[in-house]
Amino acid sequence: MPLKHGVLIANHLCKTAKDYVQGCGGQSRIATISDGHIEIRHFFDVWDDEQVFSSLSVNYRAVLLSIPDGDIADVQFHNCLEWFVDQAWAARSEILSSKEFNQEVKERMKTYKRPPGITRYYETVERRGLLATDRRAPFLPKLLVSQKSEQGQ
């Protein structure tokens, strides 16, 4: 079995567990090891793969349950297969389009400069000056001295 098929099956099993096992859930992380190289799949890709099986599960259950059912006419079974094929083509189109889009987004994310976030609170404050009515003035003598010297006082 190719590694990519094993990854899809692992993803499907994780999604099934999250859907049916109480207390199981959250974001899935899938890693592969091949030729001594470890690769952790991006969460965009994991989510996309989860959606493939979720969207087709009702249809493939109907097909599988219809195979041995003698009460279902051949025409009905054919219609069931046609529904599955139609859904499969739609899912394939959607997932391949989504993978292309996700690849573009992942490339843009590599060059995205993140805002400073919480780390900015540990850096020097950039003061823009005090107003005469600023109640912080008594606590900032160094700033007041520098402002007075700039004003020539």
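The values are calculated or read from the model by the stated rules, or taken from the named source; none is laboratory data. Treat the numbers as computed from the prediction; the structure is a model and nothing was measured. Note that we place each Cβ from the backbone using ideal geometry, even for glycine, and neighbour counts take in every protein chain shown.
Assorted remarks:
- Scanning the stretch 69-116 for residues that are in contact with a Ser or Thr (Cβ under 6 Å, 6 or more places away or on another chain) and not in a helix (DSSP H, G or I) turns up just one, ILE72.
- Residues of the stretch 30-68 that are surrounded by 11 or more Cβ atoms within 10 Å (Cβ to Cβ) and not in a helix (DSSP H, G or I): ILE30, THR32, GLU39, ARG41, HIS42.
- Of all the listed residues (VAL63, VAL46, VAL21), the sole one being β-branched (Val, Ile, Thr), modelled with pLDDT of 90 or more and within 24 Å of the chain's Cα centre (by Cα) is VAL21.
- Residue pairs whose Cβ atoms lie under 9 Å apart, sitting 6 or more positions apart in sequence or on different chains, and linking a residue in the stretch 80-104 that is surrounded by 14 or more Cβ atoms within 10 Å (Cβ to Cβ) to a partner that is not in a helix (DSSP H, G or I), are CYS80/ILE72; ASN102/HIS42.
- For the stretch 2-15, a residue qualifies if it is assigned to a helix (DSSP H, G or I) and either touching a residue at least 24 places away in the same chain (Cβ under 8 Å) or under 23 Å from GLN103 (Cβ atoms) (or both), and the qualifying residues are LEU3, LYS4, HIS5, GLY6, VAL7, LEU8, ILE9, ALA10, ASN11, HIS12, CYS14, LYS15.
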